[in-house]
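The values are calculated or read from the model by the stated rules, or taken from the named source; none is laboratory data. Worth saying up front: this structure is predicted, and the values here are computed from it rather than measured. All Cβ positions, glycine included, derive from the backbone under ideal geometry; neighbour counts span all protein chains shown. When the accessible area is computed, the model is the full protein with side chains, heavy atoms only, and any ligands, DNA or RNA have been set aside. Shrake-Rupley method; radii C 1.70, N 1.55, O 1.52, S 1.80 Å.
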Amino acid sequence: MTSRDPDGWDRPVGNNKSLNTQNTVNYTSPAGDENMAAINVGREQVTRDPDRCDIPYSVAEYVEREVGTDLNCLKKLGKLIEELSENKKQLEEQVLTVSSEVPKRIQNALKNAEDSKKSLSQLLGEETVLFDSINSHLLTAQPWMEDLGVLISQIEEVERHLAYLKWISQIEELSDNIQQYLMTNNVPEAATTLASMAELDIKLQESSCSHLLTFVRSTVKFWHKILKDKLSSDFEEILTHLHWPFVGPPQSQVFGLAAPANVPEIYNNLETLFSQLLKLQTSDELLTKPKQLPEKYSLPPSPPVILPMQIMLNPLQKRFKYHFTGNRQTNVLSKPEWYLTQVLMWIGNHAKFLDDKIQPILDKAGSSVNARLEFSRALVMLILEKLAADIVCLLYDDNLFCHLVDEVLLFERELYATHGYLSSVPSCMHILSEETCFQRWLTVERKFALQKMDSILSSEAAWVSQYKDITDVDEMKVPDCAETFTTLLQVITDRYKNLPTASRKLQFLELQKDLVDDFRIRLTQVMKEETRASLAFRYCAILNAVNYIGTVLADWADNVFFLELQQAALEICADSNALSKLQLGQLACMESSVFDDMINLLERLKHDMLTRQVDHVFREVKDAAKLYKKERWLSLPSQAEQAVMSLSSTACPLLLTLRDRLLQLEQQLCCSLFKIFWQMLAEKVDMFIYQEVILANHFNEGGAVQLQFDMTRNLFPLFSHYCKRPENYFKHIKEACIILNLNVGSALLLKDALHSASENGTILDPNQPSATAVLNELGVYKLAQQDVEILLNLRTNWPNIGK
């Protein structure tokens, strides 16, 4: 139930009553607690309904915000009423304006909709008329379309016939031109025209006109034979005048005739004929199918040898087949070096002529062919055919097969290094990479490597360094067996590094890793025989060998060749899911290498052997230190009572043992191993003296001084030859001596500081330094607070009064 106020607002009756109550109470007793309670009651009577727009609640909030509980704010009510009346007036004007504009907009929208509907109806009617007209036109034009279709088919057929005749006419025209050029002895133009005809033949390869293809091919073949025979005859005559082929080295070759004046003319004719034969290359490739080796050899694709080079090679090919096929005495399976050396001689004898005379002709003709490479490639193909035929007969004779492989590898090395042969063209390694040959090669390689390893280790000089008398060279103190073994691995790498595929190289890499593991096992077996004499020369030589092989493998791991193999192995493993994601990631990030497994095994063996040596020496040191442990540190005279400080007599056996063993192993171990050895030994001696001598005794002032003298002036200097600050490797001893030799006052202060720190725990006075800071100030960093407290209790030179 609501009532309307004079200013036009609708207010709930309950709210009005509440407000009147508030006003009454406020005017009668503005400061009382009952008044405040009444206000709160009135405020609580207006609650908000969240499901609808609650105008009474909004009004109550507005009054609360503007008036609140301050009675002085009631003076604003008149002003608030004026403002609200003004707002009401403005809102009424806006409502009137909008209510008058909305009907006009609705009316306009309806009108537009009616107009659109009329336009759509009109368009639909026009569409129907047009559709009927099109259907009528299509029915009328159908007979015409059928007639035109027949005519178009006839026209297309006539056009095909015309095109066919044009091709025939074009071919006949080119053929007539070639005939006319030959009649006028214009061979260059004839060769050019034949090249154009060959290009037409290539263009027609996709055509289904078999008779046309046959006609073109037969025409090309006809003129190609005529031109090739004529040019070849003239070219061979020129080569004869040049005394081709050359059978001697370049310096003994005689170019030209008796009359020097004819030599330029001969070279001009050579260039002319070579260029004309080069123009026949396209037609020659169409008509001549090159001889191919079986697919099992996986030879890389390569273009046919250029025609003029084929003619130049004919006499050499005849000589090769004459001498190295059939029943000739020069065709011996056990002498592959004969034909390999002969081919290398031919390449070397003709290299200068090819570079000086033939290559400029090719460059002038715009050809990308390298004359020397083309010449070498053709001769190498002869060797590949010979190898493919011979190698089958040698597979099961280890000696002959191994000899063949050795000679082929020497040939390949010479071919690549001296004559600039490329790995992208067929080579002898493709024959050796054939599955049967390759597996046999691996088997033979493994067999001879194992035999070599047997001879290496059984040699009398196996454990002696070849450079033992040369100090600068013998830093690693490598025994002969280790150096020979790494040389064997390097030789194997050189033998297989030119294999054409990464998968074959990886198989050889696995062979190398197997050989390393086998050699490691053999070293381990020999080492076990020498375990009782772990300081003897042979044991040290084995340790040097293990260290050297591990170092070499670590160096090889960073070699570009092995990094490429690592990448290839990564790709293969990724395809086959042979490794975990972690291992693949390590390989990809180069965190590991192909030799990591072998290096880790060698490192483990090295560590075990070093540990045995350190333990052996340490046992001797402990035996020598028995009397030193029992020294009467409690009753030794003070420094003031002695004229000169001297080494404890009981320490002499200990120090002599250390000195002798250090000198012995310094001479027998390489620098890196000896460094590890003396550091491991120093750590053990440090803990031994600290625990068995220092912590096991009590010290008076003289005993502490004597201990410090023995350590700093005698023990530490033994190691000063190997480092600048040996005391850093005996931190327990050094710091214990510091604590034991503190003067009494400093010791008492230190004891108090440590005692306070122990009692207070972590709650320390910020003005007081911590126990760690106090110890660091004294130079004590290694020992813990509890250790220092124990050492302080080992002192006997405390005053009678005090702590």
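Some notes on this structure:
- Options Ile347, Ile358, Ile306; residue that is touching an Asp or Glu at 6+ places or on another chain (Cβ under 8 Å) and in contact (Cβ under 8 Å) with a residue 24 or more places away in the chain: Ile306
- The stretch 511-531, residues that are over 17 Å from Val617 (Cα atoms), surrounded by fewer than 17 Cβ atoms within 10 Å (Cβ to Cβ) and of a type in the set (S, T, N, Q): Thr524, Gln525
- Boolean, Asp494 is surrounded by fewer than 13 Cβ atoms within 10 Å (Cβ to Cβ) and farther than 24 Å from Lys606 by Cβ: yes
- Restricting the stretch 296-339 to residues that are assigned to a helix (DSSP H, G or I) and polar (S, T, N, Q), the residue that is farthest from Leu280 (Cα to Cα): Gln317
- Residue within the stretch 365-379 that is crowded, with 19+ Cβ neighbours inside 10 Å, out of contact with any strand residue (DSSP E or B) (no Cβ under 7 Å at 6 or more places or on another chain) and polar (S, T, N, Q) present: yes
- The residues listed here are Tyr267, Tyr297; of these, the one that is surrounded by 16 or more Cβ atoms within 10 Å (Cβ to Cβ) and modelled with pLDDT of 90 or more is Tyr267.
- If you go through the stretch 426-477 and keep only what is open to solvent by less than 20 Å² (accessible area, probe 1.4 Å), over 29 Å from Cys540 (Cα atoms) and β-branched (Val, Ile, Thr), you end up with Ile431, Val444.
- Near pairs, Cβ below 8 angstrom, 6+ apart or cross-chain, from the stretch 473-492 (under 17 Å from Leu409 (Cα atoms) and in contact (Cβ under 8 Å) with a residue 24 or more places away in the chain) to any residue that is assigned to a helix (DSSP H, G or I) and open to solvent by 40 Å² or more (accessible area, probe 1.4 Å): Leu488/Lys452
- Summed over the stretch 391-421, residues that are open to solvent by less than 20 Å² (accessible area, probe 1.4 Å) and among the charged types (D, E, K, R) total 1.
- Number of positions in the stretch 192-246 that are open to solvent by 70 Å² or more (accessible area, probe 1.4 Å), hydroxyl-bearing (Ser, Thr, Tyr) and under 26 Å from Asn314 (Cβ atoms): 1
- Of the residues making up the stretch 532-575, those that are open to solvent by 50 Å² or more (accessible area, probe 1.4 Å), touching a residue at least 60 places away in the same chain (Cβ under 8 Å) and β-branched (Val, Ile, Thr) are Thr551, Ile572.
- The helices (runs of 4 or more DSSP H) found entirely in the stretch 618-732 that carry 2 or more residues being closer than 30 Å to Lys477 by Cα and open to solvent by less than 10 Å² (accessible area, probe 1.4 Å) are 652-668, 671-688.
- Restricted to the stretch 65-76, and to residues there that are open to solvent by less than 80 Å² (accessible area, probe 1.4 Å) and either at pLDDT 75 or above or of a type in the set (D, E, K, R) (or both), the residue that is nearest to the chain's Cα centre (by Cα) is Glu66.
- Among residues of the stretch 733-752, those that are assigned to a loop (DSSP other than H, G, I, E, B) and crowded, with 16+ Cβ neighbours inside 10 Å, counted: 2
- Residues that are open to solvent by 50 Å² or more (accessible area, probe 1.4 Å) and β-branched (Val, Ile, Thr) within the stretch 333-364 comprise just one, Thr341.
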